[in-house]
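Okay, so here's the structure we're looking at.
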Amino acid sequence: MSNNNIVITEHICQRYMERINQNLLSITDYKARLNAAEQAIKSVLQDAQYVSDDERGILLRSKTFNCDIIVHKRQLITIYPCKKKSRNRK
């Protein structure tokens, strides 16, 4: 997916660091930390594949980075780790 037109907010960068890559929290300079997170999110977007869409937005999945993202109206809404499938699921 092309990430040129998708807005990546500071809030999403913070969620990425909390949920996906906590190692970025070790960067002491706040702006450098946000820039590193934004670059990482752009990589996730380039790798992401379409899964589904509904009124909340478009669900994309990155198998390489093992996370899901939701985009709505060209803005990244949320990012979270993929849930593992339950063994009891039929």
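Values quoted throughout were computed directly from the atomic coordinates according to the rules given, and no laboratory measurement underlies them. It should be emphasised that the depicted structure is a prediction, and the values quoted were computed from it without experimental measurement. Positions of Cβ are backbone-derived with ideal geometry, glycine not excepted, and every protein chain shown enters the neighbour counts.
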In degrees, nearest 10, the alpha-carbon axis of helix 10-19 is tilted away from the dominant principal axis of the alpha carbons of the chain by 70 degrees
Label model pair LYS84, THR64: point-to-point distance (7 angstrom along the Cα→beta-carbon line) in nm is 2.4 nm
Of all lysine pairs in the chain that are eight or more residues apart or on different chains, those with Cα atoms under 23 Å apart total 8
Contact order relative to length for the chain, counting C-alpha pairs under 8 Å separated by 6 or more residues, stands in percent at 29 percent
Listed by chain and number, the residues whose amide H is under 5 Å from that of ILE77, excluding neighbours fewer than 5 places away on the same chain and using placed H, are ILE70, VAL71, HIS72
One can check that the equivalent ellipsoid of region 10-81, built from the alpha-carbon gyration tensor with semi-axes equal to the square roots of five times its eigenvalues, has lengths in Å, largest first, of 22, 12, 9
Between the alpha carbon centres of region 15-43 and region 55-80 the gap in Å comes to 17 Å
Within region 1-70, DSSP-loop trypsin sites (Lys or Arg not before Pro) with at most 11 other C-beta atoms within 10 Å are ARG56, LYS63
To the nearest 10 degrees, the tilt of helix 30-47 (Cα long axis) against the first principal axis of the alpha carbons of the chain is 30 degrees
